[in-house]
Every structure is written in structure tokens, then in C-alpha cells.
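K.L.:
Structure provided below as C-alpha cells; questions to follow.
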Amino acid sequence: MTSRSPELAGPALQERANAEAVARICAAEPVLVDVRPAIEVIPGMTRETVLTSGAPLAWNEYTGGQRTGVIGGALFEALAESEEEADASMREGAIRVRPCQEHGCVGSLAGIYTATMPVLVVEDAATGKRGFCNLFEGVSPSRLNYGVYNEDVRRNLRFLGEVIGPALGAAVRLVGGVPLRPLIRRALHMGDELHSRNTAATLLFTRELFPPLLDLARTRSDEVTKAFEYLKSSDYFFLRLSMAASKVTADGAHGIEGSSVVTGMVFNCRDFAVRVSGLGDGWFRGPLPTKFGAKLFDGYTDDDIEFMGGESTMNETVGLGGFAQAAAFALQDYQGGSAERMVETNLAMYEITLGEHPEYRIPYFGFRGVPVGIDIHRVAATGIRPVLDIGIAGKQGGQIGAGSYRAPLEPFAAAVEAYARRYS
């Protein structure tokens, strides 16, 4: 057992470490600095690598839409000519299937990344750390990240890589980067919680890109027109930016000796997992989240729901999404629930966190800062489970709804036990 001086042992070490973790979360300054093909910017990315959401699994453990998405990624990159060939190559290791988190990425639903896909490059100006997220695939319910791969999906992914990614990247470089913290702060005041509702944030971001895109239109008018059409087609574009911002923010608070603050919440098709600042890079696993309240699209029932992974819950890890529900009452129309329930749920999150963000504030609470710094001990002691605002996938692929889910207690309890072994 590592020896520590009395003033840094036990509660004193934990208190100081947790204060540092919360301070780092609150100090993060995420900036969109570029949009580039994944292989050019993601550490360790290769042409034969497919990234996917959640704590790592062996290839034969992936099922359903997540497995379909990974195979679709391989077919998209022409790493195999058939699903059977892709499966064989993955079993043999010729195609590497790795977790997004190991490469600084954050995955939406199945979270598929391949070499040529354009990714948003977000850098924390406070630490220099970088996080990556691929682009929103568009409004169709059939998307690769929702476990669908067909000719329409392939064509759309090519369009993102050949037209949208280069246009957005050129605009971002021309303007010298886009600070995201001011946009997130303002969007919270305009009805977003930055997970299931991104309407204001997407509009604010698009406004930032108006000048550079208009400059580019002089020589690339067709690309710019398509980029504007893409940005206005859905309110969800900014979700991928907030995910990358949350990833780099959480990473900045990771690795603090003695800290019991959660620095990652992710899930794959089999389990939900958390990472803790002072407990290394491993993941503590438990069952999948349980539904707290949801609204399914017409024609679907609970029997149609399938988990195929997701890491947009990194947003909740740093105080957004479900931890800011009371900023987004309009979510009732999209994922069900009521304003009263949102307020009650949001207030409960303060019971399991250690601080409040100095700039990300909720107007309904008198501009109280969003709750930040999820503490494993508080979750285990209170039994209050983090609330997660997520999209809902269907067994036949595609999105079939949205809602609030609750994280399981088991990963937090396992982390508490590991913390006691390490620091007792």
C-alpha cells in the first residue's frame, strides 16, 4: 500500500482531490479548432480500425445494432466485400475494433468511427487536451450510429466526408476556431440542456460560421450552399460539439490521485460503465440503464427498444443533459415527462454532485449553476442514480424515440469498493 503523509491521507486527500477535479471541470475552455478526416487527427487511428461506443468488449460479445454498425463501418471503408468477410476479419484481428474512449473520441449511440469520416476537433484551451466527435448524420432515422447500413447510409456518409466536412473545416480554420463555452452558456439560457435539445446552440453556432462561410462562397459556392442546407436541416448538429466538449472537459479532470469524481459514463450493447478520476483508466460495469420516462415514435412499443451503445452521456458527466433538464422544458414534447418532473429530477442531481458550474446556469433555478462533479460515494450512499437524456434505438435499426433513463447503481458501488481498497 502506498504510504502518504497524514495530512494527505483519507478524507483530507479525497477532499483536496475532489476540489481539484471540480475546479478543472469548471475551468475547461473547449474550442472547435478544426474538422478533419479521422485518420489525420485521432491518435492511433488506422485505416483498418473501427471505433465504437462503450467499455471494451471482445468482438463476439457485440450484438444487434452495434454489431451491425461496426460491420457497416468496415464495409463503408471497403475493408471487406461482405458482412461475412468483415466478421471473419474482425475475429482474426485484421480489422481492429476498439473503444472510442481509448482514442479521445466520444460516440453517439453505436458510435462508429472509421478512417475517412470527418471529425470535429475540440481542444481545451486550458489544458491543450483534444477530444473528437464525428458529424451528425442528418435527419433520417436510418443512420449508421443507429445500427443501419445500406446504400442510402453509404451515400450520406460519403457526402459528409466529401462535402460537409471539408466546408466546415475550412470555415473553422478561416475564423481561427470557435469557442464553445460561450455558446453552451447562452444556449442554457435559451431553452437547451445540450443533449436532447440543441436548438439554440445549433443556431448560435451557425451564426458564428456565417462570416467565414460567406467568404468561402466566393470560390466554393456549391459546397457552402450545401453546408448551410445541412446546418439548417436539423437542430441536432450541436450535440456532437457538446459531446466533444464534454469529453475533453472530463478528460481534463481525470487522473487526480484520491479523487472519487466520475470522469466518464458510457454504455455498449451489454453494459453501462463509469470511469473515476482517481481509479485509473479502467471501467466499472453494471447493467444497462433503466427507462425513467420516454416518448416513442408512433407505432413503436417498449418491446421494440434495443441498446446499441452510447457515449453522449459524457454530457451528463460534466453537468449537461439530464443534469440541466430544468433549463429545457420544451423537451416534454420530444421525450415526454412534465416540467414538474424535470425540476424534481434536476434538483436531485445536486445531491450526488460536489459543485456547481460558475457559468453554465439554469434560469428557472435563479441562475443556479448546473450540478457538476458526480461523486461515487454520494451516489452509493443516497441511491440517487444519475439521469440520462438519450435517443432510443429500435431492434430493426434506426431511431424510434427519446427519453430519460437512469444509470444503474452497480458501477458506482463497485467503484466505491475499489476506492476503499486503494485508499484505505
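The values are calculated or read from the model by the stated rules, or taken from the named source; none is laboratory data. This structure is a prediction, so every number in the text was calculated from the model and none was measured. Glycine also receives a Cβ, built like all others from the backbone with ideal geometry; neighbour counts cover every protein chain displayed. Just so you know, the surface numbers come from the protein's heavy atoms only, side chains and all, with ligands and any DNA or RNA stripped out. Shrake-Rupley method; radii C 1.70, N 1.55, O 1.52, S 1.80 Å.
K.L.:
How large is ³J(HN,Hα), in whole Hz, for each residue of segment 146-159 in order, when computed from phi with the Karplus curve 6.51 cos²θ - 1.76 cosθ + 1.60 and θ = phi - 60°, using x for Gly and Pro?
P.N.:
With coefficients 6.51, -1.76 and 1.60, one gets 9, x, 10, 9, 8, 5, 5, 5, 4, 5, 5, 5, 5, 4 Hz.
K.L.:
Which Cys in the chain stand alone, with every other cysteine's Cβ at 4.7 Å or more from theirs?
P.N.:
26, 133, 269, each lacking another Cys Cβ under 4.7 Å.
K.L.:
Segment 327-418: which chymotrypsin sites (Phe, Trp or Tyr not before Pro) are DSSP loop and have at most 14 other beta-carbon atoms within 10 angstrom?
P.N.:
367
K.L.:
Related question: Just the accessible area per residue of segment 184-240, please: how many Å² with a 1.4 Å probe?
P.N.:
The answer is 45 Å² per residue.
K.L.:
Taking the solvent-accessible surface of protein heavy atoms with a 1.4 Å probe, what is the per residue accessible area of segment 33-132 in Å²?
P.N.:
Heavy-atom SASA per residue in segment 33-132 reads 36 Å².
K.L.:
Cα gyration tensor of segment 1-114, axes a ≥ b ≥ c as square roots of the eigenvalues: rounded (a/c below 1.5), prolate (a/b > b/c) or oblate?
P.N.:
prolate
K.L.:
In Å², and per residue, what accessible area does segment 273-424 have when probed at 1.4 Å with the other protein chains present?
P.N.:
Accessible area per residue: 37 Å².
K.L.:
Dipole magnitude of segment 150-200 about its Cα centre, charges +1 at Lys/Arg Cβ and -1 at Asp/Glu Cβ only, in debye to the nearest 20?
P.N.:
Taking the Cα centre of segment 150-200 as origin, the dipole is about 200 debye.
K.L.:
Of all the accessible heavy-atom surface of the chain, with the other protein chains kept in place and a 1.4 Å probe, what percent is carbon and sulfur?
P.N.:
Carbon-and-sulfur percentage of accessible area, whole number: 50.
K.L.:
Leaving out ligands, DNA and RNA but keeping every protein chain, what accessible area does residue 90 have, in Å² rounded to the nearest 10, with a 1.4 Å probe?
P.N.:
10
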